[in-house]
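Here's the structure we're looking at; comments come further down.
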Amino acid sequence: MPHRPLRRVRARIIFVLLALLLSTTLALLPGSHAQSPDARVIRADLAVSDDGATVATSTGTGTLLLWNASTWTLIRQHTADGSQVFGFDFTSDGRYVAFGTKNGRLAVLDVSTGRIVFATQDRDGSVNATRFGPDDRLFAAGQGRWLTSYNWRSGDTLQRYDLGREVMPDGRRLVVEDFEVVPERGWLFIARFDQQARLMDIASGEVVQTWRNKRRPRDGGRNVKDVEVLPDGRTGFFAGVGGDVVAVDLLSGARLDSVRAHPDFVSDLELSANGDLLAANDLDGNTTLISTDTRFIVRRSSQDGSFQSGRLLFAAAFRPGTDELITGGIRMPIVVWNTTTGERRRTIASLP
């Protein structure tokens, strides 16, 4: 008769084998991809095409996932050489999506075919943010002192914008966290890890305005994490460490007012298609909806996340033409919210 410890070992082995068999079987079932490990974890970004048809997310293993926004079936996936992918932006017609990688690659992918139509890797550090602009321009920035524009159809490098020093006094590399193209004014509105939001002229590369993140939180930093611009090209918002969402007049440079969205940190800002709502994520798993007209908090939704647990809410995107807001993050599910009622409409995947 076998000893009890040996029985336990055998029982554990059988349990593990059965679990592996079950997970493999589920992975092969039609429609089960939404529960795969790759679908569960996004890394700091998601985006929705302007027509509301396609959602781009990423995984911790460096895979770009493209979803049908209505059915949440997987359209396509692209693995970027094992490097984490982020910084998504769609062309206005939704046919192409740009992305950057942690190892410094910039690429544009054809949504319908999965073919890479533009790729370059002539920069140091990661590419954190990409934006399509007018005249086939693609702007990209990440670590270091440069923000670069390309003609993504011809492959030519057009202009490099010098953002100043590359490192902080303590030796940390400076990072462009996010930026927006303001084509009506010919500007770039930039959030950078040097505690400033800045407005830069696209043609000359000169800085037009700067705003410092004034609030000093518990850790002493004041870095700017994200920026957004209203459709009129006049009013901008920035937020980051400190938890304030600050509204500024991009034409005059005046600080208008601010909304306290979190005591310490806002990780992401996202503007609705018509510009009436601004979503602010924080590291405790909350999404605060702010009226851009009154600058009042309309609603706050909450997920099970916290900095201490490693479940970080990093990304949000409104789906144009609907009342849906999509959120996700590191070790967080992709959740679809009703912006009118605040109800959780759909959870795409459970927590890993």
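Of the numbered conditions (1) buried (at least 18 other Cβ atoms within 10 Å of the Cβ); (2) closer than 23 Å to Arg185 by Cβ, Ala254 fails exactly one; give the number of that condition.
(1)
With the requirement that a residue be within 18 Å of Thr59 (Cβ to Cβ) and assigned to a loop (DSSP other than H, G, I, E, B), what does the range 99-114 give you?
Lys102, Asn103, Arg105, Val111, Gly114
Which of the numbered conditions does Ala56 fail, given that it passes all the others? Conditions: (1) in contact (Cβ under 8 Å) with a residue 60 or more places away in the chain; (2) in a strand (DSSP E or B); (3) within 18 Å of Gly321 (Cβ to Cβ).
Every condition holds for Ala56 apart from (1).
Picking from Glu270, Glu228, which residue would you name as being among the charged types (D, E, K, R) and either over 21 Å from Thr294 (Cα atoms) or open to solvent by less than 20 Å² (accessible area, probe 1.4 Å) (or both)? So that I can check it myself, show each step before the final result.
On the way: Glu270 fails: either over 21 Å from Thr294 (Cα atoms) or open to solvent by less than 20 Å² (accessible area, probe 1.4 Å) (or both).
When all the criteria are applied, what remains is Glu228.
How many residues, within the range 141-165, are open to solvent by 40 Å² or more (accessible area, probe 1.4 Å) and aromatic (Phe, Trp, Tyr)?
Final tally of qualifying residues: 1.
Given the criteria buried (at least 21 other Cβ atoms within 10 Å of the Cβ), at pLDDT below 95 and small (Gly, Ala, Ser), does Gly240 qualify?
yes
Can you tell me which residues in the range 87-135 are open to solvent by less than 20 Å² (accessible area, probe 1.4 Å), over 17 Å from the mean Cα position of the chain (by Cα) and under 18 Å from Ser149 (Cβ atoms)?
Once the filter is applied, which keeps residues that are open to solvent by less than 20 Å² (accessible area, probe 1.4 Å), over 17 Å from the mean Cα position of the chain (by Cα) and under 18 Å from Ser149 (Cβ atoms), the range 87-135 yields only Phe118.
The values are calculated or read from the model by the stated rules, or taken from the named source; none is laboratory data. Everything numeric in this text was worked out from a predicted model, so none of it was measured. We place every Cβ from the backbone using ideal geometry, glycine too, and count neighbours over all the protein chains shown. These accessible areas exclude ligands, DNA and RNA; they are computed on the full protein's heavy atoms, side chains included. Shrake-Rupley method; radii C 1.70, N 1.55, O 1.52, S 1.80 Å.
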